[in-house]
Every structure is written in structure tokens, then in C-alpha cells.
Amino acid sequence: MDFELSDEQKAIVETTRQFALEKLAPGYRDRDRDGSFPRDLWSEMGALGLIGCELPEDLGGLGLDFLTAGLVQEALAEGDINFAVMALLNSLNGQIIADNAEPDVARHWIQKICSGETAFALGLTEPSGGSDVAHLRLKARREGDCYVFDGEKTSLSAADHADAAVIFARTGGDGAGGISAFIVDLNQDGIERTRFEDHGWRAVARGTIHFDGTRVPAANLLGAENTGFRQVMQGFDYSRALIGLHCVAVAQQSLDESWNYAREREAFGKPLADNQGVTFPLAEGETMIEAARLLCLKTLWLKDNNLPHTSEAAMCKWWAPKVAGEVIRTCLLTHGHGGYSGDLPYEQRMRDVFGYEIGDGMAQIMKLIISRQKLGRRV
């Protein structure tokens with residue numbers, strides 16, 4: 001196995017890290033307080049090629065491999081995990097659109113995604129069920145050259161400020177076989193949005209979208225009718241590895257800061273770093289974060305090589321947020337009273353990372369996926 005990055009990979013990661021630390025990091029806590037998502041920064045990300053960089057070149061992306069795209073998102077999370085969440089959403093939506101939309105429709109929307117002109121949400125979860133996505137109730141009925149939507153989606157990230165969304169709706173019978181996917185312009189009549197007051201991800205702005213006779217062009221159907229469930233399930237294997245890297249990035253940044261603090265802070269006449277009670281927990285954190293990162297990178301390598309990676313993706317999703325949360329808590333405690341205050345970013349990082357223990361499926365669902373995969377391979 002070769003762990004060395006190419007010069008091209010190093011260059012794009014360094015460009016991303018510089019943007020994240022110079023442009024995103026300074027406003028991280030302010031955006032948490034006011035819940036804002038500055039579109040000028042999103043557009044600047046697009047101009048640098050940092051949104052959907054794995055999407056095909058002929059549709060507007062950079063055509064990078066998935067591992068490199070994961071490294072880009074990891075670097076974004078160092079500055080503000082909220083912008084990394086948005087980058088993930090747009091990558092996931094972009095993949096679904098690229099694989100299933102008609103060429104002209106795909107090119108139209110993916111160019112807007114990659115340029116930062118448009119921000120996408122993903123509409124899957126409904127009030128009647130979270131992870132039970134095979135039994136969603138939002139209806140889309142065909143009327144001429146349109147589909148008419150009636151119903152509700154909830155827990156959408158970017159519900160408050162997204163311009164468009166890939167929405168999953170029921171077009172057929174019960175179960176997974178009756179679900180279709182559509183591109184929906186959210187700036188039109190027949191749509192009402194509400195915003196949640198969440199513990200974290202306040203710049204992402206999670207919320208609910210209500211559809212009341214909303215008309216969607218039939219050309220915006222993604223793939224064939226009643227195939228939407230398969231489309232989104234395939235995409236999650238990619239996004240779950242990205243989630244792990246987002247969490248790893250935030251935890252690693254917290255560890256780096258804590259090592260520096262332990263060197264510089266003196267107590268009882270010597271640096272904190274002279275106390276094993278301080279350094280050993282940080283060393284444990286380094287070990288766990290390194291292991292979680294390698295798992296995420298392996299998952300993306302498997303995807304790049306068209307090898308099965310559903311189990312590995314589920315491992316990334318349940319374990320990396322849990323480990324990252326524990327490590328950030330250790331870093332907060334290392335900083336004592338200062339770490340507990342709002343003057344330092346640890347309490348916000350804990351809240352933001354905790355959101356990933358819920359979004360995209362909780363740990364129990366991920367462990368169920370892993371179990372089914374392992375049992376299936378033995379049959």
C-alpha cells in the first residue's frame with residue numbers, strides 16, 4: 001500500500017486548507033451565533049473548484065478521484081464543518097444527478113453546483129419515520145408534463161437557504177419499489193419552509209419543507225420511475241466516508257491545539273506537558289483519530305477501485321463521530337475553564353460533530369447494515 005500523495009493531491013489539499021483557515025475559520029463561531037450561511041464564501045469555494053470536485057469534467061466538475069475529493073472535504077472541515085456538510089450534500093446530490101438525469105438536465109444543474117451558484121438540499125426524511133426511508137409518504141402524481149407534489153419532508157439540512165433539492169417521493173405502490181427521485185426548484189410557489197433551532201450545524205440550517213400542489217417538470221425525474229430508493233442508497237456509501245473525514249478533521253485540529261496548549265501552559269511550576277495525566281489522554285486520542293481516518297480513506301480507495309465498501313462506509317459513519325466527540329471532549333477538559341467557555345471553539349465543535357451521530361442514520365442502523373453485509377457474505 002502506498003500512502004504517499006501525488007503532487008496534484010498535495011496542491012489541491014493545500015489550496016483547500018488555506019481557504020478553510022483564512023476564509024472559513026475566522027467566522028466559525030459568529031455563524032453559529034447568527035445562523036448565517038454567507039453565499040459569497042460558497043461562491044468563492046466554487047470558483048476554486050472545491051464543490052463537487054469529483055463530478056465529471058464534461059458536466060462542470062474536476063473529475064477527481066473519490067479519495068482526493070475526500071481529502072478536500074477533510075480540509076474544508078478544519079475551517080468550518082458546516083461548509084463541509086454543505087459540500088457533502090452537494091457532492092451527494094451531484095452524484096445522483098450525474099448518474100440518473102438526462103444529459104442536458106445534468107449539465108445544467110451540476111454546473112450550478114460546482115460553480116457555487118446553487119446550493120442543494122436532500123429531501124428524504126419525513127415526520128413519520130427517520131431511517132425508515134422505504135416507507136415515505138410524500139406523493140408525486142403525474143399530470144401531463146409535470147408531477148404534482150403534496151406532503152412534507154423534515155430534517156433537511158440547508159432547508160432554510162437551499163435553492164434546489166433532490167426530493168424522494170412516492171410515485172408507485174408501498175415499499176422501496178414505489179419511490180422516485182426528482183430535482184425540485186425550491187424557489188417557487190407551493191413550497192413553505194420552516195427552520196429548526198438546533199444544538200449545532202446552525203449555519204447549515206436544518207428544517208422542514210412543505211409541498212402543497214408544487215409542480216415539478218417531468219424532465220426533472222431522475223432515472224426511471226420507482227427507482228429512487230436504489231439511487232440514494234448507493235450514494236450513502238460515499239457520503240458516510242466523507243462524514244467520517246469531517247469528524248476526524250475537527251478532532252485532529254482540537255488535538256493539535258491541545259498539544260500546543262500543554263507545552264505552553266504552566267501549572268505548579270512546570271508545563272502541563274510534563275504530566276502524563278495530561279498527555280496520555282491526548283496520545284490515546286491521536287491513536288483513535290488516526291485509525292478512524294485510515295478507515296475512511298480505505299473506504300474511498302475501495303470506491304475508487306469499484307470494490308464493495310458498504311460495511312466500511314457504515315463503520316465510518318457510526319464510529320468516527322463517536323470517537324471525534326470523545327476526543328474533542330478530552331481537548332476541552334485539557335483547556336480547563338477556558339475550554340468550557342464560549343471563547344474557545346470546543347463546545348461548538350462538540351455540538352457540530354454530535355449532529356453526525358444522528359444525521360444519515362444512527363449507530364444502530366449502521367451496525368445493522370454491517371451485520372447484514374457480514375451475514376450475507378457467509379451464506
_E54, E102 arranged by Cβ crowding within 10 Å, fewest neighbours leading_ = E102, E54
*Leaving out same-chain residues fewer than 8 places away, which lysines sit with a Cα under 16 Å from that of K317?*
K298, K303, K367
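Are there GluC sites (Glu not before Pro) in segment 192-243 that DSSP puts in a loop and that have at most 10 other Cβ atoms within 10 Å, and which ones? Numbers along the way, then the final one.
Values: sites: E192, E197, E225; in loops: E197, E225.
Within segment 192-243, the qualifying GluC sites (Glu not before Pro) (loop, at most 10 other Cβ atoms within 10 Å) are E197.
For segment 229-378, how big is the tail of P(r) above 27 Å, as a whole percent of Cα pairs?
Numbers: 3446 of 11175 pairs.
Summing the P(r) tail past 27 Å for segment 229-378 gives 31 percent.
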*Total charge dipole magnitude, segment 78-232, about the Cα centre, Cβ charges on Lys, Arg, Asp, Glu only, Debye to nearest 20*: 220 debye
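Could you work out the per residue convex hull volume over the alpha carbons of segment 37-151, in cubic angstrom? All intermediate terms of the calculation are to be shown ahead of the outcome.
Working: hull volume 15.7 nm³, N = 115.
In segment 37-151, the Cα convex hull volume per residue is 137 Å³.
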*All lysines inside 16 Å of K153 as judged from Cα atoms, apart from same-chain residues fewer than 8 positions distant*: K139
*Evaluate 2.2 N^0.38 Å with N set to the residue count of the chain, then give the Cα radius of gyration divided by it.*
1.00
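Counting alpha carbon pairs within less than 8 Å and at least 6 residues apart, what relative contact order, in whole percent, applies to the chain? Intermediate values should be presented prior to the final figure.
On the way: 704 pairs, mean separation 57.9, N = 379.
Once divided by the residue count of the chain, the mean separation gives 15 percent.
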*Integer Hz, Karplus 6.51/-1.76/1.60 couplings in order for segment 20-28, x for Gly and Pro*: 5, 7, 8, 9, 8, 4, x, x, 4
*Quick one: W201, W319, fewest Cβ neighbours within 10 Å first, how do they rank?*
W319, W201
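Quick one: putting +1 on the C-beta of Lys and Arg, -1 on the C-beta of Asp and Glu, what dipole do you get for the chain around its Cα centre, in Debye to the nearest 20?
1200 debye
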*Can you put H161, H337, H246, H135 in order of Cβ neighbours within 10 angstrom, beginning with the fewest?*
H337, H135, H161, H246
*Sort out for me the Cα centre separation of segment 1-28 from segment 62-136, rounded to whole Å.*
20 Å
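Can you tell me how segment 122-226 classifies by the Cα gyration tensor, rounded, prolate or oblate, using a/c under 1.5 as the rounded cut? Display every interim value, and only then the final one.
Values: a/c = 2.11, a/b = 1.40, b/c = 1.51.
Oblate is the answer for segment 122-226, as a/c is 1.5 or above yet b/c matches or exceeds a/b.
Using +1 on the beta carbon of Lys and Arg, -1 on that of Asp and Glu, and nothing else charged, what's the dipole of segment 1-137 about the Cα centre, debye to 20?
Numbers: 10 positive and 24 negative charges, 113 e Å.
So the dipole magnitude of segment 1-137 works out to roughly 540 debye.
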*Could you tell me the distance between the Cα centroids of segment 338-379 and segment 197-215, to the nearest Å?*
21 Å
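Grab the other residues whose beta carbon is less than 14 angstrom from that of L71, score K and R as +1, D and E as -1, and report the net.
-4
Bear in mind that the values in this text are calculations on the coordinates, not laboratory data. As the structure is a prediction and not an experimental result, all values here were calculated from the model. Every residue, glycine among them, receives a Cβ derived from its backbone with ideal geometry; neighbour counts consider all protein chains shown.
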